[in-house]
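Report on one structure; see the data block that follows.
The values are calculated or read from the model by the stated rules, or taken from the named source; none is laboratory data. Since the structure is predicted, the reported quantities are computational estimates derived from the model, not experimental observations. In this analysis, Cβ positions are derived from the backbone assuming ideal geometry, glycine residues included, and neighbour counts consider all displayed protein chains. What goes into the accessible areas is simple: the full protein's heavy atoms, side chains included, and nothing from ligands, DNA or RNA. Shrake-Rupley method; radii C 1.70, N 1.55, O 1.52, S 1.80 Å.
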Amino acid sequence: MISGNQIRSDFLGFFESRDHQVVPSSPIVPRNDPTLMFTNSGMVQFKDVFTGLETRPYSRATTSQKSVRAGGKHNDLDNVGYTARHHTFFEMLGNFSFGDYFKDVAIEQAWTVSTQVFGLPKEKIIVTVHATDDEAAELWKKIAGLPDERIIRINSDDNWWRMGDTGPNGPCSELFYDHGPEVWGGPPGSPEEDGDRFIEFWNLVFMQFETHADGSSTPLPKPSIDTGMGLERVTTILQNKHNNYDTDLFQPIIQASAELTGHAPDGDMVTSHRVIADHLRCASFLIAEGVLPSNEGRGYVLRRIMRRGMRHAHLLGAKDPLMHRLAPALIDLMGGHYTELREAQGLIRETLRAEEERFKTTLDRGLKLLDAEIEGLDEGAPLPGDTAFKLYDTYGFPVDLTADILRGAGREVDQDGYDAAMQAQKAKARAAWSGTGDAGNAKVWYDVRDRVGATEFLGYADIRAGATV
Ligand code: ATP
Ligand code: MG
Ligand code: MG
Ligand code: MG
């Protein structure tokens, strides 16, 4: 059986043999785009190359890009544990042409990699093209010999990529794999497309037009190519699995989690092991880049991910912090290609341990409170906003954690009520702090500074929570 690590190098090797420069992954924390929370695809590090602002000594590149979709425009956090194909952190394999080759070569390469390098059976692949893109449909017919019924025309924005309101844009063509009739789901564009039977594994973007400030579009003089293939998804296919978490990119972590908790990864427990494995990967890669848990921005995304993972450790009955003890399994698995994991090993383990230690007591108490609250609710009623706020404020439960727990019970948070409680708290805090020079308040600041250091103030709500600072 081919390993996930081998698939990564086979992909890069193929494109290297086709004159692509192998470029290292850029950081998850983007260096060239302050508006972006995390790098969410391979093209991010090449944005300025596509627009012509920057030139590189090569016109073709290939990467395996560390990608995070857990905040901002692309957010798959709420899919993790619910679909077979989504992660918060994943690796996006890609090939890029900066005004070099275009559609025909991109399609030919994607077909060659899929059917020859990876040996996928032709009859298991279907593709989508944008409804207006006759050229792509013709090329799929000619190059791959696909019949019309397996070239699906999609007329939605999903199949039209754009960098922003202005700038480069163009149609996409996506490759889907049919996991077979034993898996529920339907082809793209059908009512059952959300199932796990037909899984998108590769997206080809044809950057063909430029949209100007006045809204008009013109063809780009040198069109470009941007593609993204999810390593975890293609590994699932090549290892004859139907769920990304069943591959060797996750199993060593899941096995370690099973051993340490004494719960086999099956039945009700399997989701918890999967979520823990996903969140461990994401948290560890973020920490390795210097992101630390905090109450705002990227640090808060990290904290939310870690706390969601910790709640699943709790569901598995872990009495002691678990996540940091799984880090070695991850580092063994991925530290060869991503050496930053090895270098940051100590920081990763200590950050995971400290956060879990902090959250543990309030997690237990908060969960008890939440259980009792749910019990008292009318059938189907949402959790009152002030309870969700209390869980946040006193017990350190990010509201999305509460919402995720409730989702398991078929319920929701009264989000408006939560927002109102948050606003009221902020107004109260402002009134209390308005330059009275009150010695009691000042003492709180100094206590916090002593505990967490002057550089990272975690916010008023957490001071009151005490245990979560
Ligand atoms: P989906 O429709 O399944 O959510 P997408 O269309 O959002 O995927 P793209 O933005 O086209 O994904 O990204 C390119 C490729 O990256 C996808 O074809 C897929 O293989 C992979 N990918 C995207 N999101 C994720 C994720 N959250 N976890 C794992 N792989 C992903
Ligand atoms: Mg998506
Ligand atoms: Mg898609
Ligand atoms: Mg896509």
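Here is a yes/no grid of residues against (1) out of contact with any Ser or Thr (no Cβ under 9 Å at 6 or more places or on another chain); (2) at pLDDT below 95:
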{"residue": "Met306", "(1), (2)": "no, no"}
{"residue": "Leu333", "(1), (2)": "yes, no"}
{"residue": "Glu355", "(1), (2)": "yes, no"}
{"residue": "Gly366", "(1), (2)": "no, no"}
{"residue": "Leu377", "(1), (2)": "yes, yes"}
{"residue": "Thr387", "(1), (2)": "no, no"}
{"residue": "Asp393", "(1), (2)": "yes, no"}
{"residue": "Asp400", "(1), (2)": "yes, no"}
{"residue": "Glu412", "(1), (2)": "yes, no"}
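The set of residues in the stretch 340-389 that are hydrophobic (A, V, I, L, M, F, W, C) and surrounded by fewer than 15 Cβ atoms within 10 Å (Cβ to Cβ) comprises Leu347, Ala354, Ala372, Ala381. Of all residues in the stretch 134-158, those satisfying the criterion of being of a type in the set (D, E, K, R), under 30 Å from the mean Cα position of the chain (by Cα) and more than 16 Å from ligand 1 (Cβ to nearest atom) are Arg150, Arg153. Within the option set Gly195, Gly189, Gly164, being surrounded by fewer than 20 Cβ atoms within 10 Å (Cβ to Cβ), in contact (Cβ under 8 Å) with a residue 60 or more places away in the chain and under 27 Å from the mean Cα position of the chain (by Cα) holds for one residue only, Gly189.
Can you report the number of residues in the stretch 198-210 which are of a type outside the set (Asp, Glu) and either away from ligand 3 (no atom under 13 Å from the Cβ) or open to solvent by 50 Å² or more (accessible area, probe 1.4 Å) (or both)? Spell out the reasoning first.
If we filter the stretch 198-210 for residues that are of a type outside the set (Asp, Glu), which is where we start, we get 198-199, 201-209.
Still in the list and also either away from ligand 3 (no atom under 13 Å from the Cβ) or open to solvent by 50 Å² or more (accessible area, probe 1.4 Å) (or both): 206-209.
Residues that pass the stated criteria total 4.
Using the structure shown, decide if Gly195 is small (Gly, Ala, Ser), away from ligand 4 (no atom under 15 Å from the Cβ) and within 23 Å of Lys73 (Cβ to Cβ). Spell out the reasoning first.
Numbers: small (Gly, Ala, Ser): yes; away from ligand 4 (no atom under 15 Å from the Cβ): yes; within 23 Å of Lys73 (Cβ to Cβ): no.
No, not satisfied.
Cβ separations smaller than 8 Å between residues 6+ apart or across chains give the following pairs from the stretch 355-370 residues that are touching a residue at least 12 places away in the same chain (Cβ under 8 Å) to residues that are aromatic (Phe, Trp, Tyr) and open to solvent by 20 Å² or more (accessible area, probe 1.4 Å): Thr362/Tyr395; Leu363/Tyr395; Arg365/Tyr395; Gly366/Tyr395; Leu369/Tyr395.
Just to be sure I understand, how many residues within the stretch 64-105 are touching a strand residue (DSSP E or B) at 6+ places or on another chain (Cβ under 8 Å) and within 15 Å of ligand 4 (Cβ to nearest atom)? Spell out how you get there, then give the answer.
First pass over the stretch 64-105, keeping only residues touching a strand residue (DSSP E or B) at 6+ places or on another chain (Cβ under 8 Å): 64-70, 76-77, 84-103, 105.
This time we only want the ones that are within 15 Å of ligand 4 (Cβ to nearest atom), so: 65, 67, 69, 76, 85-87, 90, 92-94.
Final tally of qualifying residues: 11.
Report, ordered by the first and then the second residue, all pairs with beta carbons closer than 8 Å, sequence separation of six or more or different chains, a first member in the stretch 289-306 that is within 11 Å of Val29 (Cα to Cα), and a second member that is in a helix (DSSP H, G or I) and open to solvent by 20 Å² or more (accessible area, probe 1.4 Å). Qualifying pairs under 8 Å: Glu289/Glu340; Val291/Arg298. Residues of the stretch 6-37 that are polar (S, T, N, Q) and modelled with pLDDT of 95 or more: Gln6, Ser9, Ser17, Gln21, Ser25, Ser26.
Here the stretch 227-245 is the region considered, the condition is being open to solvent by 10 Å² or more (accessible area, probe 1.4 Å), out of contact with any Lys or Arg (no Cβ under 9 Å at 6 or more places or on another chain) and outside any loop (DSSP other than H, G, I, E, B), and the residue that is nearest to Val68 (Cα to Cα) is Gly228. Checked against (1) open to solvent by 40 Å² or more (accessible area, probe 1.4 Å); (2) assigned to a helix (DSSP H, G or I); (3) basic (Lys, Arg), Arg8 meets all criteria but (1).
Does the stretch 267-307 hold any residues that are charged (D, E, K, R) and open to solvent by less than 10 Å² (accessible area, probe 1.4 Å), and which are they? Break it down stepwise before answering.
As a first pass, look at the stretch 267-307 and keep what is charged (D, E, K, R): 268, 274, 278, 281, 289, 296, 298, 303-304, 307.
Those that are charged (D, E, K, R) and open to solvent by less than 10 Å² (accessible area, probe 1.4 Å): Asp278, Arg281, Arg303, Arg307.
Regarding Ala327, is this residue assigned to a helix (DSSP H, G or I), open to solvent by less than 30 Å² (accessible area, probe 1.4 Å) and under 24 Å from Gln251 (Cα atoms)? For Ala327, the condition - assigned to a helix (DSSP H, G or I), open to solvent by less than 30 Å² (accessible area, probe 1.4 Å) and under 24 Å from Gln251 (Cα atoms) - is met. For the stretch 33-52, the criterion of being under 19 Å from Asn169 (Cα atoms) and of a type in the set (Phe, Trp, Tyr) is met by at least one residue.
Looking only at residues in the stretch 172-186 that are more than 14 Å from ligand 3 (Cβ to nearest atom) and either touching a Leu at 6+ places or on another chain (Cβ under 7 Å) or of a type outside the set (Phe, Trp, Tyr) (or both), the one that is most open to solvent (accessible area, probe 1.4 Å) is Glu182.
Which ranges mark the strands (runs of 3 or more DSSP E) fully within the stretch 105-208 that have 3 or more residues being more than 16 Å from ligand 2 (Cβ to nearest atom) and within 25 Å of Phe11 (Cα to Cα)? Before the answer, list the steps.
Numbers: elements: 125-130, 151-154, 160-162, 167-178.
So the answer is 125-130, 167-178.
Being over 30 Å from Glu16 (Cβ atoms) and either touching a residue at least 12 places away in the same chain (Cβ under 8 Å) or within 12 Å of ligand 1 (Cβ to nearest atom) (or both) holds for only one residue in Ala110, Ala84, and it is Ala84.
Residues that are closer than 25 Å to Thr236 by Cα and either outside any helix (DSSP H, G or I) or under 23 Å from the mean Cα position of the chain (by Cα) (or both) are absent from the stretch 46-56.
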